[in-house]
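The block underneath contains the structure these notes are about, expressed in structure tokens.
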Amino acid sequence: MDRKLSAILSADVVGYSALMERDEAGTFERLRAGRKELFEPEIARHHGSIFKLMGDGMLAEFGGVVDSVECAVSLQRGLAERNASVPEAEQLQVRIGINLGEVIVEGEDRYGDGVNIAARLQQLAAPGGICVSGKVAREVDKKLAFGFEPMGEQRVNPSGTQDGENEYKAVYRWDRYEFSVVK
């Protein structure tokens, strides 16, 4: 079994089912365009790769944690810019979670707590926001032009871990309200 240390970015569209119920074709087209025109190029530009697409969600891997966080902020800013010209009821908002951890490598896919914790962090993020693990926050501290606010310890691994690590992790957040988009 091959393992490696990676920064994992988990992204998911907020309220996707309701958006699809209101306008299935339009929502699908906006999602596909956002992935092709924003997500795929930004992830590649930040030296990452998408390893799993799940309807309205995706998982991406980065070799460097700074790249993963800069990418996440670029994605949220890019979505805010795209949404500025779209009626509020049609806007795509995304939650993003980032974890730095060991993953199991099987072909192009990744498995394990490193991935699972990123997905749980994503669930804690506000719409348009980013949640990162304490490991990520420590690694990027003083290396970026922005920071993260502590959210305290949050339960991100309800099943526990194989190495007995605590299921509660220090979590930090970045909210979209730290920047504005001119319409």
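The values are calculated or read from the model by the stated rules, or taken from the named source; none is laboratory data. Since the structure is predicted, the reported quantities are computational estimates derived from the model, not experimental observations. Every residue, glycine as well, gets a Cβ built from its backbone with ideal geometry; the counts of neighbours run over all protein chains shown.
Looking across TYR172, TYR177, one residue alone is within 26 Å of ASP56 (Cα to Cα) and either at pLDDT 90 or above or touching a helix residue (DSSP H, G or I) at 6+ places or on another chain (Cβ under 7 Å) (or both). It is TYR172. A search for C-beta distances below 8 Å between a residue of the stretch 12-31 that is under 25 Å from LEU121 (Cβ atoms) and any residue that is among the polar types (S, T, N, Q) and part of a helix (DSSP H, G or I), counting only pairs 6+ apart in sequence or on different chains, returns ASP12/GLN122; ASP12/GLN123; TYR16/THR27; LEU19/THR27; MET20/THR27. The number of residues in the stretch 13-40 being buried (at least 19 other Cβ atoms within 10 Å of the Cβ) and not in a helix (DSSP H, G or I) comes to 1. Selection of the stretch 121-147 for residues being part of a helix (DSSP H, G or I) and aliphatic (A, V, I, L, M) yields LEU121, LEU124, VAL136, ALA137, VAL140. When restricted to residues that are free of Cβ contacts under 8 Å to residues at least 60 places away in the same chain and of a type outside the set (A, V, I, L, M), the stretch 86-101 contains 3. Over 16 Å from ILE117 (Cα atoms), at pLDDT 95 or above and over 11 Å from the mean Cα position of the chain (by Cα): is that true of GLU88 in this structure? Answer is no for this residue. Considering the conditions (1) part of a loop (DSSP other than H, G, I, E, B); (2) β-branched (Val, Ile, Thr); (3) buried (at least 17 other Cβ atoms within 10 Å of the Cβ), ILE43 is excluded by exactly one of them, (1). Between a first residue in the stretch 122-139 that is among the acidic types (Asp, Glu) and a second residue that is in a strand (DSSP E or B), which pairs have beta carbons less than 8 Å apart while being 6 or more apart in sequence or on different chains? Partner pairs satisfying both residue conditions: GLU139/LEU100. Considering every residue within the stretch 102-120, establish whether at least one is modelled with pLDDT of 90 or more and closer than 24 Å to THR27 by Cβ. Yes, some residue in the stretch 102-120 is modelled with pLDDT of 90 or more and closer than 24 Å to THR27 by Cβ. Among the criteria (1) farther than 14 Å from VAL132 by Cβ; (2) surrounded by fewer than 20 Cβ atoms within 10 Å (Cβ to Cβ), the one VAL94 does not fulfil is (2). Look at (1) part of a strand (DSSP E or B); (2) of a type outside the set (Lys, Arg); (3) without any contact (Cβ under 8 Å) to a residue 60 or more places away in the chain; (4) out of contact with any helix residue (DSSP H, G or I) (no Cβ under 8 Å at 6 or more places or on another chain) and you find that ILE50 fails only one, number (4).
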